[in-house]
Amino acid sequence: MKFVASKLPQHLGQSGWVQMLPPRTPRASLNGTVNVDVVVIGGGFAGLSAARRLSQLDPKLKVAVLEAGEIAEGATGRNSGFIIDLPHEVSSEDYGGGETDERRHDIKVHRMAIALARDLAVEKGWGKDIFDPCGKYNVALGPQGDKHVVSYAKELDKVNEAYRLFDAKEIAAVTGTTSFTSAIFTPGTVIIQPAAYIRGLADSFSGPVRLFENTPALSFERQGSSWCVKTPNGAVNAGKMILANNGQAQNFGIFRGVLLHVYTYASMTEAFDPSLMGGERSWAATPAFPMGTTVRRVKGEEGDRFLIRSRYTYNPTMRVSEGAIERAGRVHDRKFEARFPMLKGVRMQYRWAGAMALTWNGVPAFGEIEPGLFAAIACNGVGATKATASGIAAAEAALGIDSWLVQVFKGFSAPKRLPPQPFLTIGATANLSMKEWSAGLE
Ligand SMILES: Cc1cc2nc3c(=O)[nH]c(=O)nc-3n(C[C@H](O)[C@H](O)[C@H](O)COP(=O)(O)OP(=O)(O)OC[C@H]3O[C@@H](n4cnc5c(N)ncnc54)[C@H](O)[C@@H]3O)c2cc1C
């Protein structure tokens with residue numbers, strides 16, 4: 001069977017993370033035919049972590065990574081940069097589901113992803129501007145959020161995880177604003193400059209691992225004992241193939257009817273004079289209330305910036321409009337003003353949208369889906385951790401290694417089939433709107 005891409009990825013808006021970096025010359029695109037042991041489709045967290053793990057396991061293995069655009073253009077280079085070790089949602093009922101043992105299990109998986117990132121940071125000699133193991137805050141903006149903070153602490157007690165509770169005064173000393181009513185700090189999250197991180201990972205490959213940018217996989221099919229991937233100006237023949245292009249896998253007809261394509265949005269301010277406000281110059285906070293707003297203060301030489309991330313939209317066609325970015329931007333502006341009134345007049349410089357792939361039952365789409373074809377897809381919005389881990393697991397599985405991590409990923413149930421259209425769009429849109437409405441200013 002031949003799998004043909006019906007569509008290629010599109011990344012809308014200008015990611016502030018990329019704009020903050022010096023220009024980079026992308027790796028050359030593929031011209032001609034190459035024969036390798038493993039081909040990886042997609043240069044995000046999943047794909048590049050898979051390539052790194054492959055080369056760790058066998059430094060002589062020939063690997064080709066195909067990235068449709070330039071590294072860091074996709075969701076991996078435009079996210080909020082939280083590599084989170086603990087289950088993500090704060091409310092006890094949304095803590096991440098499952099029982100205590102299952103949660104410990106998840107935490108161990110997340111920490112394996114963090115270990116890959118930490119090794120890379122050490123190898124590269126990165127400073128805190130790219131890789132900062134500083135932990136994160138979950139901040140509340142009122143009584144609803146405060147309740148979530150307390151219930152999250154109780155859940156952390158059950159799994160013996162460290163945290164510190166902050167009252168309004170204490171969190172104000174960190175954030176420089178009196179807007180937050182309470183917070184919980186957990187030390188294990190690593191904060192990255194996502195575009196710098198993924199560029200660094202991409203640029204670490206040499207020798208038998210070759211990365212081809214601006215090289216979309218247009219089609220692939222099995223030919224004898226290998227897979228042949230066609231690109232605009234070439235082809236790759238490989239014994240094994242890892243599909244790490246997240247929701248875009250569906251454009252090849254794979255995982256049709258199980259992936260929910262949800263977009264989220266971010267805005268980043270211009271650099272401002274740090275003396276305009278108090279607090280620490282670098283901190284990162286996710287919302288205590290699910291579906292709330294992520295905030296990061298980013299210290300820079302030319303001044304500090306704030307990142308505001310909120311809004312979710314369901315986009316089954318995997319396309320968003322400039323209008324959607326503008327509308328999300330207006331929400332960001334309101335949330336920014338409400339939190340940081342002392343920065344009146346500081347404008348947003350960059351705004352962007354990015355894709356995530358979720359499944360109905362929150363499981364990844366993982367495994368050997370055809371002989372020699374492995375998928376590491378659908379990391380349910382926490383891809384810095386989960387896509388990294390699934391990339392590692394896919395690499396191990398592709399080399400026939402039955403590791404603990406591979407067992408964990410193989411043990412997930414299959415993604416649940418989505419309801420038919422138009423019920424799906426109506427239901428998903430209503431659900432997101434309801435949750436956003438109940439999040440209010442959070
Ligand atoms: C604004 C925003 C904030 C977020 N914040 C966080 C956060 O703080 N922490 C967190 O854990 N997650 C966050 N996420 C989610 C996270 O970014 C994703 O879960 C993650 O990027 C998924 O990684 P991935 O490698 O699976 O997919 P992607 O990052 O989407 O990478 C897939 C790559 O495949 C390429 N590709 C697609 N089709 C082809 C093809 N045919 N041929 C070749 N290449 C192809 C794409 O160009 C892309 O580069 C956020 C997302 C957004 C949008």
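The values are calculated or read from the model by the stated rules, or taken from the named source; none is laboratory data. In this text, all values refer to a predicted model and were calculated from it rather than measured experimentally. Note that we place each Cβ from the backbone using ideal geometry, even for glycine, and neighbour counts take in every protein chain shown.
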Among strands (runs of 3 or more DSSP E) entirely inside segment 254-316, those with 3 or more residues being within 15 Å of the ligand (Cβ to nearest atom), touching a residue at least 60 places away in the same chain (Cβ under 8 Å) and hydrophobic (A, V, I, L, M, F, W, C) are 259-269, 283-287
Pairs with Cβ under 7 Å, 6+ apart, first in segment 385-409 and over 14 Å from residue 242 (Cα atoms) and in contact (Cβ under 8 Å) with a residue 60 or more places away in the chain, second part of a loop (DSSP other than H, G, I, E, B) and within 11 Å of the ligand (Cβ to nearest atom): 385/84; 386/364; 386/379; 386/380
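Among the residues in segment 132-139, are any under 13 Å from residue 339 (Cα atoms), of a type in the set (A, V, I, L, M) and touching a residue at least 12 places away in the same chain (Cβ under 8 Å)? Steps first, please.
So the first thing to find is which residues in segment 132-139 are under 13 Å from residue 339 (Cα atoms), and the list is 139.
Next cut, of a type in the set (A, V, I, L, M) only: 139.
Filter once more, so that each one left must be touching a residue at least 12 places away in the same chain (Cβ under 8 Å): 139.
Scanning segment 132-139, I find at least one residue that is under 13 Å from residue 339 (Cα atoms), of a type in the set (A, V, I, L, M) and touching a residue at least 12 places away in the same chain (Cβ under 8 Å), so the answer is yes.
Each row is one residue, and each column tells you yes or no for (1) of a type in the set (S, T, N, Q); (2) touching a Ser or Thr at 6+ places or on another chain (Cβ under 6 Å).
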site	(1), (2)
174	no, no
200	no, no
206	yes, no
210	no, no
214	yes, yes
221	no, no
230	no, yes
241	no, no
Of a type in the set (Val, Ile, Thr), in contact (Cβ under 8 Å) with a residue 12 or more places away in the chain and touching a strand residue (DSSP E or B) at 6+ places or on another chain (Cβ under 9 Å) - does that describe any residue in segment 416-434? yes
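Being within 13 Å of the ligand (Cβ to nearest atom), closer than 23 Å to residue 379 by Cα and touching a His at 6+ places or on another chain (Cβ under 9 Å) narrows it down to one of 42, 13, 47, 69, so name that one.
Details: 42 fails: touching a His at 6+ places or on another chain (Cβ under 9 Å); 13 fails: touching a His at 6+ places or on another chain (Cβ under 9 Å); 47 fails: touching a His at 6+ places or on another chain (Cβ under 9 Å).
Step by step, each of 42, 13, 47, 69 is checked, and only 69 is within 13 Å of the ligand (Cβ to nearest atom), closer than 23 Å to residue 379 by Cα and touching a His at 6+ places or on another chain (Cβ under 9 Å).
Every residue in segment 267-284 that is among the small types (Gly, Ala, Ser) and in contact with a Ser or Thr (Cβ under 7 Å, 6 or more places away or on another chain), please.
Step one: filter segment 267-284 for residues among the small types (Gly, Ala, Ser), giving 267, 271, 275, 278-279, 282, 284.
Within segment 267-284, just 279 meets the criteria.
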Quick check on segment 255-262. Is at least one of its residues closer than 30 Å to residue 322 by Cα and surrounded by 22 or more Cβ atoms within 10 Å (Cβ to Cβ)? yes
Taking residue 347 as meeting all but one of (1) in contact with a Ser or Thr (Cβ under 8 Å, 6 or more places away or on another chain); (2) exposed (fewer than 13 other Cβ atoms within 10 Å of the Cβ); (3) under 19 Å from residue 261 (Cβ atoms), write down the number of the exception. (3)
Could you check how many residues of segment 196-252 are at positive phi, in a loop (DSSP other than H, G, I, E, B) and either in contact with a helix residue (DSSP H, G or I) (Cβ under 7 Å, 6 or more places away or on another chain) or near the ligand (Cβ under 10 Å from one of its atoms) (or both)? 1
Please work out if residue 39 is in a strand (DSSP E or B), in contact with a Phe, Trp or Tyr (Cβ under 7 Å, 6 or more places away or on another chain) and closer than 22 Å to residue 208 by Cβ. yes
Kindly evaluate residue 269 against the criterion of being at pLDDT 95 or above, closer than 26 Å to residue 324 by Cα and more than 20 Å from the chain's Cα centre (by Cα). yes
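Being at pLDDT 95 or above, in a loop (DSSP other than H, G, I, E, B) and touching a helix residue (DSSP H, G or I) at 6+ places or on another chain (Cβ under 6 Å), is that true of even one residue in segment 129-141? Don't jump to the end; show me each part of the working.
Taking segment 129-141 first, the residues at pLDDT 95 or above are 129-140.
Cutting the leftovers down to in a loop (DSSP other than H, G, I, E, B) gives us 129-130, 133-135.
Checking the rest, the ones that are also touching a helix residue (DSSP H, G or I) at 6+ places or on another chain (Cβ under 6 Å) come to 130.
Yes, that holds for at least one residue.
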All but one of (1) surrounded by fewer than 18 Cβ atoms within 10 Å (Cβ to Cβ); (2) out of contact with any Lys or Arg (no Cβ under 7 Å at 6 or more places or on another chain); (3) at pLDDT 95 or above hold for residue 372; which doesn't? (2)
